[in-house]
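Everything on this sheet refers to the single structure shown next.
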Amino acid sequence: MILPIAYFILFKYVPMYGAAIAFQDYNIFKGVTGSEWVGFDNFRELFAMSQFYTVVRNTLILNLLDLIFSFPAPIILAILLNELRVVWFKKVAQTVLYLPHFISWIIIGGLVYQMFATKNGLINNFIESIGLPAVPFLTEKTNWLFVYLGTGIWQSAGWGTIIYLAALTGINKELYEASDVDGAGRWKKIWHITLPGIRSTIVVMLIMQLGHIMTIGFERPFVMGNTLVMDYAEVISTFVYKAGLKSAQFSLATAMGLFQALVGLVFVVGANAIAKKFGEEGLW
């Protein structure tokens, strides 16, 4: 446990010291201890910005859509893999499905542009070759949203199956044998044995996912976004990058990060309370 504990102390708890910047007029030369204390002025400035509500809305929308479409994907995939009876094919399939997780979003972004670009994209080249007009996958907002969600599912679903496959191994095999005696088919087994057997794991993962409802990775929206879809692609992480690093507004960026963390905490506590109310164990 030494390494994981050291990781959390170093990268999760020690940086909390820097949260004080959100309440200061931070000066990089004076540091945290020497900068002027301004209370909630940074939060007032943040909440007064019209862009603030845009990036919060976009972050919530993209994360909610990811929750609806991406969260069930590894569950379904794990169940399908679990139903495979050919061992060598199951192992090959798992390996192939894991691979996208290890590809950088920079490379994935390049692949997406090669595939979906309006001009010279592989898919649009095919569409035009059969006499149809090119589809603006990356420059029209709704189309971009489908590409964004589909790419996220492709990149993360395989890796997400690891936890559910581990949970599936804990299901008592005698239940399946008893269901065979009763004449149950595969769908009945999945519905009445497999899904109830991993329900607690699904609930815990859902609670953790809800805790990140205001947290969105930087690479994916930054790489896949462009000026024509900024109404959807501008999210909290890109806002913090532009405000904190490009504009050197460190206090404003920290205030946004702290607000993001507090909202995430509320979602985690709320989701955990609801889960316990429905008879699940929850996180604590």
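The values are calculated or read from the model by the stated rules, or taken from the named source; none is laboratory data. What you see is a predicted model, and the numbers here were worked out from it, not measured in a lab. FYI the Cβ positions are ideal-geometry reconstructions off the backbone, even for glycines, and counts take in every protein chain you see. Accessible surface areas use protein heavy atoms only, side chains included; no ligands, DNA or RNA. Shrake-Rupley method; radii C 1.70, N 1.55, O 1.52, S 1.80 Å.
In table form, for the structure just shown:
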{"quantity": "Residue 232, sole failed condition from (1) in contact with a Phe, Trp or Tyr (Cβ under 9 Å, 6 or more places away or on another chain); (2) assigned to a loop (DSSP other than H, G, I, E, B)", "calculated": "(2)"}
{"quantity": "Qualifying residue in the stretch 70-85 (condition: surrounded by fewer than 16 Cβ atoms within 10 Å (Cβ to Cβ), over 26 Å from the mean Cα position of the chain (by Cα), at pLDDT 90 or above and not basic (Lys, Arg))", "calculated": "no"}
{"quantity": "Wholly enclosed helices (runs of 4 or more DSSP H) of the stretch 88-202 bearing at least 1 residues touching a residue at least 40 places away in the same chain (Cβ under 8 Å) and under 30 Å from residue 223 (Cα atoms)", "calculated": "105-116, 141-169"}
{"quantity": "Conditions (1) under 29 Å from residue 110 (Cβ atoms); (2) assigned to a loop (DSSP other than H, G, I, E, B); number of the one not met by residue 248", "calculated": "(1)"}
{"quantity": "Candidate set: the stretch 209-229, residues that are among the polar types (S, T, N, Q) and in a helix (DSSP H, G or I); chosen: the one farthest from residue 70 (Cα to Cα)", "calculated": "227"}
{"quantity": "Count of the stretch 157-203 residues which are touching a helix residue (DSSP H, G or I) at 6+ places or on another chain (Cβ under 6 Å), within 30 Å of residue 56 (Cβ to Cβ) and open to solvent by 50 Å² or more (accessible area, probe 1.4 Å)", "calculated": "1"}
{"quantity": "Single condition residue 206 does not satisfy, out of (1) part of a helix (DSSP H, G or I); (2) open to solvent by less than 80 Å² (accessible area, probe 1.4 Å); (3) of a type in the set (A, V, I, L, M); (4) farther than 23 Å from residue 59 by Cβ", "calculated": "(4)"}
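Here's the yes/no breakdown for (1) of a type outside the set (A, V, I, L, M); (2) over 30 Å from residue 148 (Cα atoms); (3) open to solvent by less than 70 Å² (accessible area, probe 1.4 Å):
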| site | (1), (2), (3) |
| --- | --- |
| 17 | yes, yes, no |
| 32 | no, yes, yes |
| 37 | yes, yes, no |
| 48 | no, no, no |
| 62 | no, no, yes |
| 91 | yes, no, no |
| 95 | yes, no, no |
| 98 | yes, no, yes |
| 103 | no, no, yes |
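Listed here are the residues, each with its yes/no results for (1) farther than 16 Å from residue 70 by Cβ; (2) surrounded by fewer than 16 Cβ atoms within 10 Å (Cβ to Cβ).
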residue: 114; (1), (2): yes, yes
residue: 119; (1), (2): yes, yes
residue: 137; (1), (2): yes, no
residue: 151; (1), (2): no, no
